[in-house]
Amino acid sequence: MKMRLMATVAAALVLAGGWASFGIAGAATRLTVYTALETEQLAPYKKAFEADNPDIEIRWVRDSNGVITAKLLAERNNPQADAIWGVAASSLLLLEKQGLLDPYAPKDVGAVKAAFRDTATPPAWVGMDAWMAAICFNSEEAKKKGLPKPKSWADLTSAIYKDQIVMPSPASSGTGFLAVSGWLQMMGDGPGWAFMDKLDANMAAYIHSGSKPCKMVAAGEYPVGISMEYAGVQQQNEGAPIEVILPPEGTGWEIEATAIVKGGHNEEAARRLADWAVSAKARDQYARFYPITAVPGAKTQLANYPADAESHLGRNDFAWAAANRDAILAKWTARYQGKAEDH
Amino acid sequence: MITSFRWKPALLLGGWAAFLLVFLAGPLGALLVKCFEDRYGNWIGAGNFTAFVSAPNLIGATRNSLTIASLTTLITLALAFPFAFGLTRSAMPGKALFRAIAQVPLLAPSLLPALSLVYLFGNKGLLRDVMMGHSLYGPLGIVIASVFAFFPQAVLILTIALSVSDARLYEAARALGAGPVRRFFTITLPGAQYGLVSAASVVFTCALSDFGIPMVLGGHYPVLATEVFEQVVGLQDFGVGSVVGLALLLPVSLALWAENWSAGRQKALLSARSVLYRPTSPGTGFVAYCGLIGVLLLGIVAMGAFVSLITFWPYNLHPTLKNYDFGHFDEAGWGSFGNSLILAAGTAFFGTILTFGGAYLTEKLPGLAGLKRLVRGLAMLPLGVPGMVLGLGYIFFFDRPGNPLHGLYGTLAILLICTCVHLYSVGHLTAATALKQLDADYEAVSASLKVSAWRTFSRVTVPLCLPAILDIAIYLFVTAMTTVSAVVFLYSPDTKPASVAILNMDESGTVAAAAALCMVIFTSSAVVRLLHILVERALLKRTQAWRG
């Protein structure tokens with residue numbers, strides 16, 4: 001009796017395992033796409049792409065930029081991904097440097113602004129849209145604490161904000177890194193680090209993820225957060241009492257991009273994804289979340305998105321940022337993480 | 001006849017050793033190799049180790065990790081011992097209820113207490129005044145959440161250690177005039193010594209290697225587990241990340257040594273001649289104590305349930321179910337929950353056979369000391385290996401094109417094996433603690449009566465250990481429902497488990513949805529746990545009547 005039960009359970013498990021690993025047989029090509037897109041973007045992007053390419057089905061693997069990059073690096077000998085859609089360009093530069101990408105020029109690559117794609121021909125990666133560092137400010141909590149609204153990066157160094165600010169750690173978050181890389185490029189090396197020293201004195205905590213500081217601010221845990229502008233606008237649209245501030249000094253930014261994985265199993269389908277990703281239809285999808293698109297002329301717009309956002313994009317040299325990433329992070333970690341327990 | 005008696009155990013034990021070598025030592029070895037490579041795969045000698053010792057943040061994280069783990073262990077044992085004592089050595093009412101409540105934290109991912117604490121004691125928490133201005137983010141919050149999360153492990157091990165005792169010892173002590181305090185310190189405590197050391201080593205290493213809690217509550221306080229994450233995920237530096245991961249193994253060697261040391265001093269508590277101890281004290285004090293602990297444990301879960309049901313904390317407290325519409329927050333939607341159920345059932349089934357079988361072979365077989373030491377050592381190893389490190393090791397190992405097991409990659413089977421291996425130690429320790437309390441006379445008598453070892457195993461050992469076996473199975477099930485770090489690098493789009501979905505949702509800041517999925521896991525695990533209690537009752541009536 002017991003043995004029969006065990007045998008039944010075992011059989012059920014084997015069946016379930018087989019079903020899960022082989023999937024349901026179908027005619028469509030299943031394209032494994034690694035992505036760091038926000039979750040709410042996945043369903044509409046997939047639907048729009050599959051509507052134009054009914055013979056291809058997207059299988060998403062979504063995680064933060066860091067995890068996805070680490071995954072791609074770790075799987076270098078046995079690539080599981082076919083394509084990458086919606087991962088930070090700085091991550092793709094790193095992957096390219098290690099020879100993990102298969103350069104390909106999409107059919108309409110000419111429509112993509114030059115600053116938004118790899119300079120090589122054919123390009124290893126092609127941009128979709130841009131996102132930037134911004135300040136999220138909870139006006140309700142700030143009123144209770146008597147805090148003024150910060151108008152610039154420099155304002156954040158005022159002693160009044162001591163222990164009131166959260167930001168993503170550049171060592172684990174792409175948004176954290178683009179903020180730091182932006183400050184260093186716009187202010188220059190010396191003043192940039194001096195700014196971060198003063199900012200560190202006010203920092204309540206460094207957070208692991210890029211959008212989370214803004215969501216913590218939206219929940220009132222902290223009044224001020226450095227995060228990505230999209231997270232702030234989205235929380236605002238959900239009814240949180242927060243404002244999104246784009247500092248006048250300019251701000252660090254990053255490109256979300258598409259690439260093809262070398263050694264992937266569905267090269268043809270991956271190329272069709274790369275083609276579609278620079279189409280006008282794709283652009284209009286992107287613009288509902290990130291209004292600054294690589295292909296200009298989007299017809300959609302995220303509600304409450306700051307109209308002049310694009311003018312705040314600071315100087316940004318991706319090659320410089322990628323080349324100096326290790327050195328910047330080593331210095332940042334030694335300066336601000338080493339003394340962490342003193343706080 | 002005589003030869004078969006010799007080679008069969010050797011073959012069996014060899015099989016277990018081979019499994020652990022391939023699926024534990026192999027991946028860790030691959031990780032070890034990574035420690036000596038730069039990020040392009042070139043051999044760089046000790047460069048990554050130099051980087052580790054010269055980084056003030058990593059040295060600080062080491063110190064922080066040890067502080068957190070020690071504090072958590074002390075507090076957890078201090079709270080769990082009276083709890084387990086009340087359950088086993090008093091005649092207090094409601095034992096089954098308290099036993100179940102003590103397991104409540106196991107039913108939810110460790111992210112749940114961390115999230116609940118934020119809503120209770122965070123800067124906008126309901127009870128933030130209790131903190132008197134101290135920040136939850138840092139050592140304080142990590143220790144509180146860790147004590148909650150690892151309390152069940154301590155109670156599980158201590159209850160088993162305290163549940164059998166020879167009444168003759170107490171009678172003799174009483175006859176000689178020893179008071180209750182003296183009896184406690186001379187009989188009870190020494191008898192529970194092995195369980196205490198086991199519980200301490202389990203809690204210590206769990207607290208050391210958990211990364212969900214410090215991720216949410218760490219604030220400015222880096223610990224080793226989050227530094228592994230930072231090195232691997234943030235800096236994509238597998239070399240230094242692997243070194244930090246291996247640094248976590250060092251305290252485990254210590255725990256292993258302590259466990260061995262105390263095992264050497266442990267004598268079987270129950271011999272073939274024992275009279276079973278039957279508690280008589282009414283235990284009113286224990287009811288109050290266990291009740292208080294129970295309220296605290298349930299309160300933290302209730303907070304998670306509350307958060308999952310409101311619209312937008314703290315500005316819009318309208319009740320809603322929208323946080324349970326997981327398709328909005330994660331691409332796998334509710335599908336991840338189905339994957340978790342399959343994963344957990346498989347882990348419970350195969351993991352119980354693996355861990356109990358392994359523990360039996362190492363505790364009860366004659367001879368083969370060297371092989372036993374190997375299996376025992378390997379069995380303790382997963383405790384101190386952060387799941388993320390084990391998962392990465394799996395990629396490095398199974399990803400090598402020459403590996404004949406290459407095909408496992410990306411399947412549900414690899415998630416299943418990795419989870420079984422990751423959770424191996426607690427199962428093994430629980431089984432070993434239960435088995436050690438059975439006198440070796442059982443095997444000796446069977447052998448002299450020419451009863452086969454298999455028959456003794458299936459007719460005597462398994463029925464005697466049935467409570468422990470059921471506890472292992474349920475522990476594996478509920479832990480596999482919540483395990484995240486071991487599988488975060490191994491899942492594929494079709495096999496993404498709910499625990500990973502929770503981490504993804506928390507990371508992207510949709511905390512209410514993360515809490516909601518925690519509650520779904522919690523509820524389903526609770527249902528399974530209740531079924532387990534019913535089955536246990538029915539079975540115990542048949543096989544455990546001798547315990548009284």
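The numbers here are math on the coordinates, done by the rules we state, and not lab data. Given the structure is predicted, the values throughout are model-derived calculations rather than measurements. Positions of Cβ are generated from backbone atoms using ideal geometry, with glycine treated the same way; all protein chains shown enter the neighbour counts.
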Exercise. Under a point-charge model restricted to the Cβ atoms of Lys and Arg (+1) and Asp and Glu (-1), what is the dipole moment magnitude of chain A relative to its Cα centre, in debye to the nearest 20?
Worked result: 580
Problem set entry | Unit charges at the beta carbon, dipole of the stretch B:321-373: most positive-side option, B:368, B:356, B:327 | B:368
Exercise. In percent, what relative contact order does the stretch B:2-547 have, based on Cα pairs under 8 Å that are 6 or more apart in sequence?
Worked result: 23
Exercise. Within chain A, which DSSP H helices have Cα atoms that stretch 24 Å or more along the helix axis and a mean Kyte-Doolittle hydropathy of at least 0.5?
Worked result: A:2-22
For this session: Under 20 Å Cα to Cα from residue A:113, which lysines show up? Leave out anything in the same chain fewer than 8 places away.
Result: A:281, A:299
Problem set entry | Rough spin-label spacing in nm, given labels placed 7 Å along Cα→Cβ, for residue A:151 and residue B:305 | 5.1
Seminar exercise, completed: Measuring from its Cα centre, the stretch B:2-547 shows a charge dipole (+1 at each Lys and Arg Cβ, -1 at each Asp and Glu Cβ) which, in debye to the nearest 20, is 2320
Exercise. For the pair residue B:458 and residue A:281, what calculated FRET efficiency results from E = 1/(1 + (r/R0)^6), where r is the Cβ-Cβ distance and R0 = 60 Å, to the nearest 0.05?
Worked result: 0.40
Seminar exercise, completed: Within 10 Å of the Cβ of an average residue in A:206-212, the count of other chain Cβ atoms is 6
Problem set entry | Amide H within-cut-off set for residue A:129, under 5 Å, with H built and near neighbours excluded | A:256, A:294
For this session: Could you calculate the FRET efficiency of residue A:265 with residue B:59 from 1/(1 + (r/R0)^6), where r is the beta carbon distance between them and R0 is 60 Å, rounded to 0.05?
Result: 0.85
Seminar exercise, completed: Restricted to the protein assembly as shown, the DSSP antiparallel beta bridge percent, nearest 5, is 60
Seminar exercise, completed: The size of the Cβ-based charge dipole (Lys, Arg +1; Asp, Glu -1) of the protein assembly as shown about the Cα centre, to the nearest 20 debye, is 3960
Exercise. How far apart, in nm, are two points set 7 Å out from the Cα along the Cα-to-Cβ line at residue B:537 and at residue A:326?
Worked result: 6.3
For this session: Rounded to the nearest Å, what's the spacing between the alpha carbon centres of the stretch B:398-417 and the stretch A:199-237? Just the number, please.
Result: 39
Exercise. How do the peptides B:355-362, B:500-507 rank, highest first, by the average count of neighbouring beta carbon atoms within 10 Å per residue?
Worked result: B:500-507, B:355-362
Problem set entry | Shape of the stretch A:246-330, Cα gyration tensor, a/c cut at 1.5 | oblate
Exercise. Rounded if a/c is under 1.5, else prolate if a/b beats b/c, else oblate: with a ≥ b ≥ c from the C-alpha gyration tensor eigenvalues square-rooted, which is the stretch B:339-423?
Worked result: prolate
Seminar exercise, completed: Only helices counted: for the protein assembly as shown, with every DSSP H run of 4 or more residues adding -39500 (n - 2.57) and the sum spread over all residues, [θ] at 222 nm is -18000 deg cm²/dmol
Problem set entry | Cα-based reach from residue A:144 at 20 Å (exclusive), listing aspartates and glutamates while leaving out same-chain residues under 8 positions away | A:155, A:163, A:221, A:243, B:129
Problem set entry | Mean separation of Cα contacts under 8 Å (6+ apart) over length of the stretch A:65-171, as relative contact order % | 16
Exercise. Can you give the mean number of other chain Cβ atoms that lie within 10 Å of the Cβ atoms in peptide A:64-77?
Worked result: 6
For this session: Provide a whole-number value for the mean count of partner chain Cβ atoms within 10 Å of the Cβ atoms in peptide A:42-55.
Result: 1
For this session: Work out the charge dipole of the protein assembly as shown with +1 on the Cβ of Lys and Arg and -1 on the Cβ of Asp and Glu about the Cα centre, then indicate which of B:109, B:511, A:207 is farthest towards its positive end.
Result: B:109
Exercise. So which of A:145/A:215; A:71/A:331; A:145/A:198; B:496/B:541; A:262/B:496; A:149/B:322 end up more than 29 Å apart, counting from Cα to Cα?
Worked result: B:496/B:541; A:149/B:322
Seminar exercise, completed: By the C-alpha gyration tensor axes a ≥ b ≥ c (rounded if a/c is under 1.5, else prolate when a/b exceeds b/c, else oblate), the shape of the stretch B:2-547 is oblate
Problem set entry | Sequence of B:532, B:134, A:208 once ranked by neighbouring C-beta atoms within 10 Å, starting from the fewest | B:134, B:532, A:208
For this session: Work out Dmax and Rg for the protein assembly as shown from the C-alpha atoms and quote the Rg first, both in angstrom.
Result: 28.3, 96
For this session: Mind giving me the FRET efficiency for residue A:115 and residue B:33? R0 is 51 Å, r the Cβ-Cβ distance, nearest 0.05 is fine.
Result: 0.80
Exercise. Which one of A:150, A:83, A:287 is farthest out on the positive end of the charge dipole of chain A, using unit charges on Cβ (Lys, Arg +1; Asp, Glu -1) and the Cα centre as origin?
Worked result: A:83
Seminar exercise, completed: Checking the stretch B:396-468 for trypsin sites (Lys or Arg not before Pro) in a loop per DSSP with at most 14 other beta-carbon atoms within 10 Å yields B:450
